[in-house]
1. Here is a list of conditions, (1) without any contact (Cβ under 8 Å) to a residue 40 or more places away in the chain; (2) surrounded by 23 or more Cβ atoms within 10 Å (Cβ to Cβ), and Ile324 meets all of them except one; can you say which number that is?
2. Select from region 482-521 the residues that are within 30 Å of Gly134 (Cα to Cα) and of a type in the set (S, T, N, Q) and list them in ascending order.
3. Taking the condition of being free of Cβ contacts under 8 Å to residues at least 60 places away in the same chain and open to solvent by less than 60 Å² (accessible area, probe 1.4 Å), how many residues in region 689-701 meet it?
4. Does Arg81 satisfy being basic (Lys, Arg), at pLDDT 85 or above and open to solvent by 50 Å² or more (accessible area, probe 1.4 Å)?
5. Are any of the residues in region 165-181 at pLDDT 85 or above, open to solvent by 30 Å² or more (accessible area, probe 1.4 Å) and either out of contact with any Leu (no Cβ under 8 Å at 6 or more places or on another chain) or over 28 Å from Ala588 (Cβ atoms) (or both)?
6. Select from region 671-685 the residues that are open to solvent by 20 Å² or more (accessible area, probe 1.4 Å) and modelled with pLDDT under 90 and list them in ascending order.
Amino acid sequence: MQMATNRRKLRYNGKVSMRLFITLFVVMMTACLHVGAQQVSALQQKYKPSFVQGSIKKYIRDIERQTNIPVSFSAAYVDVRHTVQLPLAEQTLQEALTTLLAGQAVSLQESNGKILIVSAMVKEKPAAKQIVSGYVKELQNREVLIGCIVYAPELGIGATTNSYGFYSLTLPAGRHKIVCTYIGYTPDTFYTGDAATGRRDVMLKIQSTLKEVSVTSEKELSADHLHLTYNDIHKRPAILGENDVMRALQHIAGVQSGTDATNTVMVRGGDPGQNLHLLDGVPLYYTDHLFGFTSVYNAEAIKSVDFHKGAFPSRYGGRLSSVIDVNTKDGDMQRWGGQFTMGLLKGSLNVEGPLLKDKASIMVSARRTWLDMLWRPFTNDLLFNFYDINVKTNYILNPNNRLYISVYNGRDVMGLGIGNEGTKAKWGNLVASAKWNSIINPKFFLNSMVTFSRFQYSLEDKRQLINNNGISTDGEYKGNSLISDLALRLKANWYATATQKVEFGIHLSTAKFVPVELLYLNVQQIYSTSIVPTDKFQSNEFVLFFEDEVQINKRWMIRPGIHFANWFSNRFNYSSVQPRFYTSYRLAEKHSIYASYTQMAQFLHMISNNSFGLPTDFWLPSSSRIEPEEAALYTAGYMGKPGKGFTYNVEGYYKHIDNTTTYNMGKNIFDNSLKWDEKIIQGTGWSYGGEVSVKKDIGDFEWSAAYTLSWTWRKFAQLNGGKPFPYRFDRRHNVKTTLRYQPSARFDATATWCYMSGEAITLPDQIYPDFDNSLHINPGVGQTSANYTYNFVEWNNYRLPAIHRLDIGLNFTKRKGKRMERIWSVGVFNLYGRRNVMYVELVNETGDGGTGDFKLRGMSFLQYIPHISYRLKF
């Protein structure tokens, strides 16, 4: 009866959500089409004079100062020296200017937020406009550049290139200066013509000297997201010689790592499964290699990364905490070249070049560990390696159409064999995409994409077991977990006016899940069981999104949006309407305040019992029993740039999560006799805190720091007596600070210091020995902590010691001719040898001199770890 009630409720909620979405969608489309008329007219802005009497020119300057609205006129037909009077009362600009210009043969017009005083002798007609659009590319290799600023400084009109390097500007007719800037590149300037439309592809040249870089390397302030380039990633100190995207993100306020030294990213009280990972637009379900010391993102293949921790654009959905959108290099269209790297953990090779010059190119990048090759001649019992490969090719069909094909394949193997016993685990991702970019017209850009993503994990275990009579028997099992999805994604950018940009799209996907499956089991006597077929699952998802970015005036910008998602199968139907809103207001030239409200929903749930980058994380879909996770995020902040080379940001947030998931203790994850959706429980969570970021350039030095003060809680009816308890990674304080010194292009040094409060862990208050032999302990075998049962009174009732360490890295660069460059990198991880606890265990002190008492022992491995790597660019 209860199940039937729940299903009726689900269907009802789905219908309500669909009606609500349709209503909101129609309202937003209507607002979009009429936004130009709805914006407050410049002539209707309120103005209160600062003085009673003065010249017309003095009043015009007062108007511009108070309202920040330019007033344009010509002295040929406007006598601005004439003295007039205005009452000290609030009035519209039209009223004030009409009074000021009384008796003069002029009229008032508006154009792109400006007020024009024109001669009445000139017949009024609609202001003519021109559209300038195109791609921004790197001159040397014709690679499109993401996030470039293209603007007309005299008009105050600008745009940012999208994920495929495209921009579009709507300008008044006439000749205007256009400037294009991007960090690390020499700015380019061109002038528009008199034509109504014009195609202009911009080529930017990489800055070749350190002095040039220091002048133009200050990024445009952006409060809603962070844009990282290849060089940003390589500025961070490497761990064991490995530069990594995920490790670079850990230096951002509001972001923390899991276990020390791993690249796990947790954002604003979320868990790793609540981050949306995209590789060339394709979702990734697992991102770790090598115990989490490096990620699946090959830094040598990356062009840029867009990271969102709040104010999520409407195109993103499916996760609650963050978006990590990684774009790989397109491939050099001018010449063949690449890079070879050898470090302590792995070697990599990146090669790229033209298939048809200025028409088609390809990029191939591959990595593999080499440590296992050292012991392979002596033993095959130890397995420990990974590899991955990225391939991307693109072809320019014509100036308005371009095709991309991307493939990634990666695999990890870990195993240990001793005699007849052993364990072997294998896991990896396979993702692929085909994209078609099309410029429909100078104001409309369309991206069509077909994607495929699969993650699979398998585990084999064989060992000897001991029964009550001391007789050895063989035990063996094989487990499997699989998730794969196929999707069609359409996204359009419409550059409606000079102050309005609209983005909308659709997403259709189907996914197959084998959350946890026992493939084979052969265990005799007391552990024997039968194989029950696992409950496999298939689901579908339909997504619509719409977003309208409007520059109300020079100071104020709003970006309302909506994301609708429908997750359904033949068993259930979930619908989710997720409103999004972001606004910013510029207080002064380099100071702004901003705020956002975001709703997100997540239909997939990652169940994890470690933070070491091991593949014991399982993805479980929402079902008739497991409801989608939902989150509401509120943010507000202040961003400033008070001086050259100095920026800071202060932000606060509050996040509430419904239906957050965790593993149901006591349930075997590889147990087909239970349905997989009975192995987890759901509850609520919340997190709140403040974040501060600072960056300062002083000559050859660059200093940055990020601090987070936060609280994170969880509440489950089945745990801790139903009372709230701190989340495992509820770290009160999180500090990261970095100092970089680069006196020349041949040498640079970086030092990073970090501090994190200790994580919360659960310890028992009572421990019982196996008096009734229910654990089948062999009396002849020494007692360990696994031979006891535990009584827990309170969850996460103990804190591990705080983590802190200092890492340093040095790079020595030397050019060899025009095309060759070699870089030696050396450094030390945890320079002062802090013994940071990675995990803890309860140890029973038995044997000679032992008391038989249990003690908590912390394990720490990484102190004074040196590293060296060699990189050759050709």
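1. Among (1) without any contact (Cβ under 8 Å) to a residue 40 or more places away in the chain; (2) surrounded by 23 or more Cβ atoms within 10 Å (Cβ to Cβ), Ile324 violates only (1).
2. Of all residues in region 482-521, those within 30 Å of Gly134 (Cα to Cα) come to 487-508.
Hits for region 482-521 are Asn493, Thr497, Thr499, Gln500.
3. Applying the first criterion (free of Cβ contacts under 8 Å to residues at least 60 places away in the same chain) to region 689-701 yields 690, 694-696, 698-701.
This time we only want the ones that are open to solvent by less than 60 Å² (accessible area, probe 1.4 Å), so: 690, 694.
The total comes to 2.
4. Working: basic (Lys, Arg): yes; at pLDDT 85 or above: no; open to solvent by 50 Å² or more (accessible area, probe 1.4 Å): yes.
So Arg81 fails the test.
5. Checked region 165-181: at least one residue is at pLDDT 85 or above, open to solvent by 30 Å² or more (accessible area, probe 1.4 Å) and either out of contact with any Leu (no Cβ under 8 Å at 6 or more places or on another chain) or over 28 Å from Ala588 (Cβ atoms) (or both).
6. We begin by selecting, within region 671-685, every residue open to solvent by 20 Å² or more (accessible area, probe 1.4 Å); these are 671, 673-675, 678, 682, 684.
Result: Asp671, Ser673, Leu674, Lys675, Glu678.
Residue-wise test of (1) open to solvent by 50 Å² or more (accessible area, probe 1.4 Å); (2) within 27 Å of Thr647 (Cα to Cα); (3) at pLDDT below 90.
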residue: Met665; (1), (2), (3): yes, no, yes
residue: Ser687; (1), (2), (3): no, yes, no
residue: Thr712; (1), (2), (3): no, no, no
residue: Asn720; (1), (2), (3): no, no, yes
residue: Tyr727; (1), (2), (3): no, no, no
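Each row is one residue, and each column tells you yes or no for (1) in contact with a strand residue (DSSP E or B) (Cβ under 6 Å, 6 or more places away or on another chain); (2) modelled with pLDDT of 90 or more.
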{"site": "Leu284", "(1), (2)": "yes, yes"}
{"site": "His289", "(1), (2)": "yes, no"}
{"site": "Gly292", "(1), (2)": "no, no"}
{"site": "Lys303", "(1), (2)": "yes, yes"}
{"site": "Lys329", "(1), (2)": "yes, yes"}
{"site": "Met363", "(1), (2)": "yes, yes"}
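The values are calculated or read from the model by the stated rules, or taken from the named source; none is laboratory data. Treat the numbers as computed from the prediction; the structure is a model and nothing was measured. As a convention, Cβ positions derive from the backbone with ideal geometry for all residues, glycine included, and neighbour counts pool all protein chains shown. These area figures cover heavy atoms from the full protein model, side chains too; ligands, DNA and RNA do not enter into them. Shrake-Rupley method; radii C 1.70, N 1.55, O 1.52, S 1.80 Å.
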